[in-house]
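Before any comments, here is the structure.
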Amino acid sequence: MAAKILAFAGSARRDSLNKKLVRVAARAAREAGGEVTLIDLDDFPMPIYHGDLEDAEGLPPNALKLRELFLAHDALLIVSPENNGSVPAVLKNTIDWLSRGTGDGHGTNSGIAPYRGKVAGLAGATPGPWGTLYQCLPHLRIILTKLTVTVIPQQVPLPHADEAFDEQGELRDPKVAKSVAAFAKSLVETTLKLKA
Ligand code: FNR
C-alpha cells in the first residue's frame with residue numbers, strides 16, 4: 001500500500017518560488033515512499049467561481065479534471081505563497097470550485113467528495129521575513145479543515161525564499177532541506193496510518 005499524494009503550488013507563475021519548493025518537497029515525499037503526482041495549477045486554468053455559471057454549466061472542464069485527480073489521491077501537498085495576508089486567489093478559487101458538486105445545484109454535500117478523508121501537508125514560500133507562517137498557512141489550514149481534510153501539524157514556512165534556492169533549484173541551507181524531508185516523511189506516514 002502506498003500513500004498517493006497530489007502535489008502542487010498555489011502559484012501559477014512560471015518562475016514561482018513555491019513551484020521550486022513543491023518540487024523539492026515532492027521529491028522528499030517520494031524518497032519517504034510516497035507515490036507523488038506533481039501538477040501545475042497553470043495547466044488547469046478556470047474562471048473565477050460564479051454561482052450563475054455553475055448553475056448554467058456545472059463545473060468548468062479543468063475543475064472536473066482536477067476533481068478526478070483529487071479523487072485518485074489520498075493526500076494533498078500544497079505549497080503556497082501569501083497574498084495580502086492570506087491564500088492567493090488562484091488557490092482559493094481552485095479549492096472553491098472543487099468544493100462544489102457536478103452541477104446538481106447548491107447546498108448538496110456531494111461537492112466535498114474530493115476532500116473527504118484526505119490528508120494534507122502545507123508549506124509556503126515568500127521573499128519576506130515570515131514565509132507564510134502567520135497568515136497564509138493558518139488560513140489554508142482552516143479552509144481545508146472546514147472541508148474535512150486532516151491537515152498534519154508539521155509544516156514548512158520558507159522566509160527569504162528569493163535567496164533560498166541555487167541555480168539547480170535546490171535548497172541552499174541543509175537545515176531547511178532536512179526540515180522539508182521530515183515534513184514530507186510525516187505526510188507520507190500520516191497518510192498511510194489514516195488509510196490503513
Ligand atoms: C504578495 N506578496 C506577499 N508576501 C508576503 O509575505 N505576504 C503578503 O501578504 C504578500 N502579499 C502579496 C500580494 C500580492 C498581490 C502579490 C502579487 C504578492 C509577495 C509574494 O509572497 C511573492 O511575490 C511570492 O514570490 C509569490 O510566490 P511565487 O509566485 O514566487 O510562488
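Values in this text are rule-based calculations from the coordinates and carry no lab data. Everything quoted here is computed from the prediction, not taken from an experiment. Using ideal geometry, Cβ is built from the backbone for each residue, glycine included, and neighbour counts are taken over all protein chains shown.
Side notes on the structure shown:
- Rounded tilt (10° steps) of 17-31 against the dominant C-alpha axis of the chain: 80
- The chymotrypsin sites (Phe, Trp or Tyr not before Pro) of the stretch 134-196 that meet both conditions, a loop assignment by DSSP and at most 13 other Cβ atoms within 10 Å of the site Cβ, are Tyr134.
- Counting only alpha carbon atoms, the long axis of helix 61-71 and the longest principal axis of the chain meet at about 60°.
- The helix-only estimate of mean residue ellipticity at 222 nm for the chain, built from DSSP H runs of length n ≥ 4 each weighted as -39500 (n - 2.57), is -12000 deg cm²/dmol after division by the residue total.
- Shown here are the Rg and Dmax of the Cα trace of the chain, at 16.2, 51 Å.
- Cross-link check: pairs Lys19/Lys92; Lys65/Lys185; Lys65/Lys195; Lys20/Lys185; Lys118/Lys146; Lys20/Lys175 evaluated at a Cα-Cα cut-off of 20 Å; pairs beyond the cut-off: Lys65/Lys185; Lys65/Lys195.
- Length, then width, then depth: along the principal axes, the Cα atoms of the stretch 1-53 run 43, 29, 12 Å.
- Highest mean packing first, where packing is the average number of other Cβ atoms within 10 Å per residue, the peptides 47-59, 119-131 line up as 119-131, 47-59.
- Among the GluC sites (Glu not before Pro) in the stretch 105-176, those located in a DSSP loop and surrounded by at most 10 other Cβ atoms within 10 Å of their own Cβ are Glu167.
- Gain on full extension, evaluated as 0.36 nm per residue between Leu69 and Glu163 minus their Cα-Cα distance, stands at 30.6 nm.
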